[in-house]
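Everything below concerns the one structure shown next.
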Amino acid sequence: MSASAILLAAGRGTRMRPLTDHTPKPLLPAMGQPLMQWPMEALMAGGFVHLVVNTAWLGEQISAHFADWPARHPGSHLSYSHEGVDFGYALETAGGIARALPLLNDVFWVLAGDLYMPGFAFTQAAVQRFAASGALAHLWLVPNPTHNPKGDFGLSPEGLALNSSDGERFTYSTIGLYRRALFETPWCDILPGNPQGTAAPLAPLLRKAMDAGRVSAELYTGPWTDVGTPERLKELV
């Protein structure tokens, strides 16, 4: 089962200012290379060579920085969905994925470009399990950090992500496997390819699919940092 990946890199990074006034957050350096390069290299190591990056704020810097990526990674394919150029603004997560859908396979990875999760392995086995399931998405959850103490979703003993849960909740790591169908009717009402530039968040789609029992999940306990503030970035430098 072939799978592509989309790295979400269109955000303004307001909480990271002034660092992001002149540099897009995914290009901020962490441990010797841009934040977004860590998952890009990890995807390549797992054999996932078809990468898509969505951009808006200072997106031209991202495409310029990785202009030599295919030359340095023979056999790889790096494409862009330039929301800032096309619409003048970012389309949020669901809107951005819907816009990039023509560039993605039926099954694809989704991850944030400001994520530092160095021990995570993108594996073909995970894709095969997901493709053989009836799930519309599979999420990797992590123990709640101090900045999100209440978590995002529950996790059932059967491995289903739960929209509402009286038990323990966990934080969405921003890494997941998704099926194209989640961004089409009846789950999503954005037109194919999002030609009108609808900006829409991802959480409502996920919660709708969770209520139908169509989102699976697992807990990841390795190193994970959502680089949302300069202080969190300093911890990695």
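Read-outs: derived from the displayed coordinates by stated rules, not from any lab. Keep in mind it's a predicted model, so treat the numbers as computed, not measured. Glycine also receives a Cβ, built like all others from the backbone with ideal geometry; neighbour counts cover every protein chain displayed.
Quick rundown of the values:
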| item | result |
| --- | --- |
| Computed over the range 1-77: relative contact order in percent, which uses C-alpha pairs under 8 Å that are six or more apart | 39 |
| Net +/- balance of residues flanking SER63 in space, Cβ distance below 14 Å, scoring K and R +1, D and E -1 | -4 |
| Choice from PRO186, PRO70, PRO24 showing the highest fluctuation, given a GNM over the chain with Cα pairs closer than 10 Å | PRO186 |
| Gained length - GLU235 relative to ARG17, 0.36 nm times residue gap less alpha-carbon distance | 76.8 nm |
| Proximal aspartates and glutamates to LYS150, defined as alpha-carbon separation beneath 16 angstrom and excluding residues fewer than eight positions away on the same chain | ASP166, GLU168, ASP226 |
| Within-12-Å neighbourhood charge of LEU177 [Cβ basis; K, R +1; D, E -1] | +1 |
| Contact order normalised by residue count of the chain, Cα under 8 Å, 6+ apart, percent | 26 |
| Additional length obtainable on full extension of the chain from ASP166 to GLU218, 0.36 nm per residue less Cα span | 16.9 nm |
| Residue of ASP166, ASP21, ASP211 that the Gaussian network model of the chain assigns the largest fluctuation, springs spanning Cα pairs under 10 Å | ASP166 |
| The chain - charge dipole about Cα centre, Lys and Arg +1 at Cβ, Asp and Glu -1, debye rounded to 20 | 40 |
| Calculated FRET value between ALA181 and ARG129, using beta carbons and R₀ = 25 Å, to 0.05 | 0.90 |
| Mean Cβ count within 10 Å, highest first, over the residues of peptides 37-49, 92-104 | 92-104, 37-49 |
| Euclidean distance of C-alpha centroids, the range 164-237 and the range 15-87, integer Å | 20 |
| Taking PHE130, PHE108 and counting other C-beta atoms within 10 Å, the order from fewest to most | PHE130, PHE108 |
| Calculated [θ] (222 nm, deg cm²/dmol) that DSSP helices of n ≥ 4 give over the chain, each run adding -39,500 (n - 2.57) | -6000 deg cm²/dmol |
